[in-house]
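Values quoted throughout were computed directly from the atomic coordinates according to the rules given, and no laboratory measurement underlies them. None of the values given here were measured: they were computed from a predicted structure. Because the Cβ atoms are built from the backbone with ideal geometry, glycine has one as well, and the counts that use them run over all protein chains shown.
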Amino acid sequence: MRAAAGRLAGRLATVLDRDGRADLVAEFANPLPLLVIGDLLGIPEADRGPFSSAVSTMFAPEHPGQVAEAVDRIHRFLLGLVAARRAEPGDDLLSALIAARDEGDRLGKDELVSLAFLILMAGSENTQHLISSGLLTLLGHPAQLAEVRADPSLLPDAVEELLRYAHPNQMAIRRFPTEAVDIGGVRIPPGDTVLLCLASAHRDPARYPDPDRFDIHRVDKSHLALGQGFHYCLGAALARTEIRIALETLLRRFPRLALAVPEDDLRWRASFRSHALRELPVTDR
């Protein structure tokens, strides 16, 4: 999917070519993963606008009631898409999942829709946030930005450090112990909620030397941004590819790329679980 993602990133980047100024959250970072997921699931071009609008509303509602409305619209859309792909299969992941079900696999209709919804959620939100916060981090470290511009082979290492340093998720998904466990001298009884703080783990001085410093040359490139073990991210390779292509496209095409407002004026969407930019105004003039 690398070539297709590159074409999509190039197409979205034309907004800066045209205007010399853009909000890279709304006009680049947010739509790119949705377009890639659209290709993966076989969403028709004509339906991607309303679909993207519903997803954006779900992630950033103006009032709480909009979340339920957006989820309902997405659910009904995916039900229709499953029916359409059954009637006319394509070369896409959803068609492959439908074929597996019809050949006797255990995926029911609701499971297919639920899985498509999960792929949509997991394949868009964190990648969107990391593209924008990753670019902001690079712009805030001009010496390392210059190194990456001069030698694009450093970009994979930069992406790994960004996954550690600028990952949007503060917390991992809740865990529930099935039996009593002792952690750090504290006994956690069965059934209690356990929240793992990824942000703290990624800045742990016992693991990373000078953990609050962004360093694309960091030797220890391990992190928890994509999970571990059974819960390792199914789309890890795709996420890395999209982030790399997004940053590579912007840095290659816009050598004068800079923030259009002071960094202190940037607005963040902070919640219990994630910390993400609401907007990223940039200029190339």
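Compute the relative contact order of segment 47-144 as a whole-number percentage, counting only Cα pairs closer than 8 Å that sit 6 or more residues apart in sequence. Write out the running numbers ahead of the final one.
On the way: 44 pairs, mean separation 18.2, N = 98.
Rounded, it is 19 percent for segment 47-144.
Computed over every Cα-Cα pair of segment 66-219 and binned at 5 Å starting from 0, the pair-distance distribution P(r) comes out as 2, 7, 11, 12, 11, 11, 12, 13, 12, 7, 2, 0 percent. When +1 charges are put on Lys and Arg Cβ atoms and -1 charges on Asp and Glu Cβ atoms, the dipole computed for segment 147-187 relative to its Cα centre reaches about 340 debye. Ordering H275, L195, A70 by Cα displacement along the dipole of the chain toward the positive end leaves H275 in first place; charges were set at the Cβ atoms of Lys, Arg (+1) and Asp, Glu (-1).
Here the contact order of segment 161-285, divided by its residue count and restricted to Cα pairs under 8 Å and six or more residues apart, works out to 25 percent. Neighbours of R207 by Cβ distance under 15 Å: Lys/Arg scored +1, Asp/Glu scored -1, total -2.
Restricting to Cα pairs below 8 Å that are 6+ residues apart, what does the relative contact order work out to for the chain? Please round to a whole percent. Show your work: numbers first, answer last.
Values: 351 pairs, mean separation 69.6, N = 285.
After rounding, I find 24 percent.
Which one of V219, L251, V181 is farthest out on the positive end of the charge dipole of segment 154-263, using unit charges on Cβ (Lys, Arg +1; Asp, Glu -1) and the Cα centre as origin? So the residue furthest toward the plus end is L251. The structure shown yields Rg/Rh (Cα atoms, Kirkwood Rh), and of the options (i) 1.06; (ii) 1.30; (iii) 0.98 that calculated value carries the label (iii).
Scanning the chain for long hydrophobic helices, with DSSP H runs required to stretch 27 angstrom or more by C-alpha along their axis and to average at least -1.0 on the Kyte-Doolittle scale, returns 65-87.
What is the dipole size for segment 35-81, taken about its Cα centre, with +1 at each Lys and Arg Cβ and -1 at each Asp and Glu Cβ, in debye to the nearest 20? Could the numbers behind the result be given before it?
Working: 3 positive and 6 negative charges, 14 e Å.
I would put it at about 60 debye.
All other residues with a Cβ under 12 Å from the Cβ of A83 taken together, and with Lys, Arg as +1 and Asp, Glu as -1, what is their net charge? Spell out each step's value before the answer.
On the way: positive: R76, R85, R86, K109; negative: E88.
Charge balance in the 12 Å sphere: +3.
Ranking of F117, F28, F176 by neighbouring Cβ atoms within 10 Å, starting from the fewest: F176, F117, F28.
How much length, in nm to one decimal, is gained on full extension between E179 and A122, taken as 0.36 nm per residue of separation minus their Cα-Cα distance?
On the way: separation 57, 0.36 × 57 = 20.52 nm, distance 2.91 nm.
Once the chain is fully extended between E179 and A122, it gains 17.6 nm.
Per-residue ellipticity at 222 nm, computed for the chain from helices alone with -39500 (n - 2.57) per DSSP H run of at least four residues, works out to -16000 deg cm²/dmol.
To one decimal place, what orientation-averaged projected area in nm² is obtained for the convex hull of the Cα set of segment 1-84?
Numbers: hull surface 24.7 nm².
Orientation-averaged projected area of the Cα hull: 6.2 nm².
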